[in-house]
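Worksheet for the structure shown next.
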Amino acid sequence: MKLNTRIRKNYDRKQPTHDYLKFWRVIRYFIKAKYGLTASDLDMLLFLYSEKYFTKDKFAEFEKLMYWDENRFKRLKRDEWISVFRKRSGKSKALYEISRKGKRVVNSMYKKLNGEEIPESPTTNPIFKRNVCSTDKIYRNMIMDMNAFIRQQRHRAQE
């Protein structure tokens, strides 16, 4: 006798083990707004973060991937995102490193990607000020949703 069997479609989904970049766009927008960086400047800082020391040549090598900005190196140095580690001496080239300020920004970004909440105070987050553009308001709402999601995840983990 043949049994009437129903094949169940698998609707169950495995929870991803790595979910770092879910809110990448929101975090990037927040960092850019708070520190006045462009997307390319932030990409450059992220690249240089793992480089202990670098020369202008190493900087220019990665800069080829970005839109052309003749003054990027000078601007990042002037705004103290990059600092001089060793001045040029004789035949040895000058060496640079990410400044303490730059390291703090990149560390902050990694913390946010790992689940730290973005501040919702107008004093620490320019997106939460009163007179902002409509794009900032959209990101403000997303930040509040993201923070609620993070709190919910933490609550579930404690149970």
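Within the listed set 40, 83, 50, the residue fluctuating most in the Gaussian network model of the chain (springs between alpha-carbon atoms under 10 angstrom) is 50. Can you check what the net charge comes to around residue 20, using other residues whose Cβ is under 15 Å from the Cβ of residue 20 (Lys, Arg +1; Asp, Glu -1)? Result for the local shell: +3. Length available on full extension from residue 100 to residue 64: 0.36 nm per residue minus the Cα-Cα distance, which gives 10.5 nm.
For the residue pairs 14/34; 14/137; 64/101; 56/137; 52/111, alpha carbon separations beyond 31 Å are given by 14/34; 14/137; 56/137.
Suppose we flag chymotrypsin sites (Phe, Trp or Tyr not before Pro) only when DSSP calls them loop and at most 13 other Cβ atoms lie within 10 Å. Which is the longest uninterrupted stretch of the chain? Value returned for the longest uninterrupted segment is 69-159. Computed extension length for residue 147-residue 89: 15.9 nm, one decimal, from 0.36 nm per residue of separation with the Cα-Cα distance subtracted. In this structure, residue 73 and residue 123 have a Cβ-Cβ separation that, at R0 = 41 Å, corresponds to a calculated FRET efficiency of about 0.80. Residues 123, 17, 55, arranged from fewest to most other Cβ atoms within 10 angstrom of their Cβ, appear as 17, 123, 55.
The chain: longest stretch without exposed trypsin sites (Lys or Arg not before Pro) (DSSP loop, at most 16 other Cβ within 10 Å), sites themselves excluded?
15-51
Counting every C-alpha pair in the range 28-159, the share spaced more than 26 angstrom apart comes to 36%.
Helix 100-113 and the longest principal axis of the C-alpha atoms of the chain enclose an angle of approximately 10°. Just checking the listed ones, 127, 138, 27: in the Gaussian network model of the chain with Cα springs under 10 Å, the one fluctuating most is 138. Remark: 150, 143 ranked as 150, 143, counting other beta-carbon atoms within 10 Å and listing the fewest first.
Read-outs: derived from the displayed coordinates by stated rules, not from any lab. Being a predicted model, the structure only gives us computed values, none of them experimental. Methodologically, a virtual Cβ is constructed for each residue, glycine included, from the backbone with ideal geometry; neighbour enumeration extends over all protein chains shown.
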